[in-house]
Amino acid sequence: MKRRTIARIIAAILFSYGMAFMLVSSHKSELVQYRSLSHDALLDTLANAHKTDFSSSFGESLLGIGVLVALIELMTSVIEFAINRIAPLNPPSSAEPAVEHSP
């Protein structure tokens, strides 16, 4: 595989871990809030939270995906830079290719 592809996979995995931790924390705090509400207040809160139309959902999704792609590309560049620093494509000792002589 190419180094860029490997760097992109690593970036996606790291970003996924971060998002998972953030979502779990968010869901736990929402659950605590929902448990403190009465039945009618809970239904009202849920109805207000999910009141959207297609165009606003599409715009939010497009923005979210764009930010996600930009963050993954940024992380990919940083990881690829680190990989190239650790293991350069052409190590300094092999900068000049060896020439074989045939008899």
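Only the coordinates and a few stated rules stand behind these numbers; no lab work does. Quantities reported herein were computed from a predicted structural model and do not represent experimental measurements. Note that each Cβ is placed from the backbone with ideal geometry, even for glycine, and that neighbours are counted across all protein chains shown.
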Cα shape, the stretch 1-59, gyration tensor, a/c 1.5 rule = oblate
So, in Å, what gap is there between the alpha-carbon centers of the stretch 1-33 and the stretch 56-81?
-> 12
Once you have the Cα-Cα distance between Tyr17 and Ala47, take 0.36 nm times their residue separation minus that, and quote the gain in nm to one decimal.
-> 7.8 nm
Where a ≥ b ≥ c are the square roots of the eigenvalues of the C-alpha gyration tensor, would you call the chain rounded, which needs a/c under 1.5, or, failing that, prolate if a/b is larger than b/c, or oblate?
-> prolate
Size of electric dipole in the chain: Cβ of Lys, Arg +1 and of Asp, Glu -1, about Cα centre, debye, nearest 20 = 240
Please turn the phi angles of the stretch 72-85 into ³J(HN,Hα) values with the Karplus equation 6.51 cos²θ - 1.76 cosθ + 1.60 (θ = phi - 60°), one per residue in order, whole Hz, x for glycine and proline.
-> 5, 5, 5, 5, 4, 4, 5, 5, 5, 4, 5, 4, 5, 6
Mind checking which of Gly64, Ser38, Ser26 is farthest towards the positive end of the stretch 22-64's charge dipole, using Cβ charges of +1 (Lys, Arg) and -1 (Asp, Glu) about the Cα centre?
-> Ser26
